[in-house]
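The values are calculated or read from the model by the stated rules, or taken from the named source; none is laboratory data. Just so you know, these numbers come straight off a predicted model, no measurement behind them. Methodologically, a virtual Cβ is constructed for each residue, glycine included, from the backbone with ideal geometry; neighbour enumeration extends over all protein chains shown.
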Amino acid sequence: MYTLANPEDKKGYVFTAYSGKVEAGKIKELALAIGEDNPIYTDEAKAKEEGFDAIPILPTFMEAIDMWYGPTFEDLMEQLEIDMKKLLHGEQEYEYFAPIYAGDTIHAETKVTDVKAKRNGMAFYTLETVYRNQNDEKVMAARMMLVKTP
C-alpha cells in the first residue's frame, strides 16, 4: 500500500473538498473546554457589543470543522501513501483573512503545495487548506508540514 517511489509526485495533489456549518454551541463547548471565559465566545449579545457580527470562532476552531466534516487524517495519509508509523507533525500555522462567525458555512479544500524528498528516505510535505465562507470569500488558510521518516 505504501509504495510511492517518488514522494514529489504528490506535489499539487488536491484532496476532496468538504463543507460544514459553524455552530455557536460548538464554539461555546471549545471555549469552556479550554477555559476561555471571554463572553464573546458564548453570548451573541456580548459579541455584538464588542463589534462582531455574531459569535466569532476561537483561533484554532477550524480544526474542529476539519474533524467533523473533512476526511480522517488516516484517509489523507493513505492518499499520500504515507505509513502513519513513519509520520511526524512538523509545524502548523494559520492565516486569517476575514472573521468567521457562528452561522457561517465553510467550504474547505486541501492541496499538497510542496514536497521535498531527501536521499535518506525522508520527505517533507506541506499541505495547505483554504477555507471560504458561504459568500466564496477566503477567510482562512492553514498550513501544516508533515515529516515522513525513512
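For residue 74, are the conditions met, namely being surrounded by fewer than 17 Cβ atoms within 10 Å (Cβ to Cβ) and under 21 Å from residue 126 (Cα atoms)? Lay out the reasoning, then the answer.
Numbers: surrounded by fewer than 17 Cβ atoms within 10 Å (Cβ to Cβ): yes; under 21 Å from residue 126 (Cα atoms): yes.
Here the answer is yes, as residue 74 does meet what is asked.
With respect to being of a type in the set (Gly, Ala, Ser), touching a helix residue (DSSP H, G or I) at 6+ places or on another chain (Cβ under 7 Å) and within 13 Å of residue 147 (Cα to Cα), residue 117 fits the description. Checking each residue in segment 8-51 for being crowded, with 16+ Cβ neighbours inside 10 Å and over 22 Å from the mean Cα position of the chain (by Cα) picks out 40, 42, 44, 47. For segment 33-48, the criterion of being of a type in the set (Val, Ile, Thr), out of contact with any Lys or Arg (no Cβ under 6 Å at 6 or more places or on another chain), under 19 Å from residue 107 (Cα atoms) and not in a strand (DSSP E or B) is satisfied by no residue at all.
For segment 110-123, filtered to residues that are at pLDDT 95 or above and surrounded by fewer than 21 Cβ atoms within 10 Å (Cβ to Cβ), the residue that is farthest from residue 142 (Cα to Cα) is 114.
The residue pairs whose first member lies in segment 14-25 and is closer than 16 Å to residue 100 by Cβ and among the basic types (Lys, Arg), whose second member is modelled with pLDDT of 95 or more and assigned to a strand (DSSP E or B), and whose beta carbons are closer than 8 Å, counting only pairs six or more residues apart or on different chains, are 21/105; 21/106. Here the condition is being assigned to a helix (DSSP H, G or I), modelled with pLDDT of 95 or more and not basic (Lys, Arg); of 51, 25, it holds for 25 alone.
When 99, 150, 71 are screened for being part of a loop (DSSP other than H, G, I, E, B), under 19 Å from residue 12 (Cα atoms), in contact (Cβ under 8 Å) with a residue 40 or more places away in the chain and of a type outside the set (Phe, Trp, Tyr), only 71 passes.
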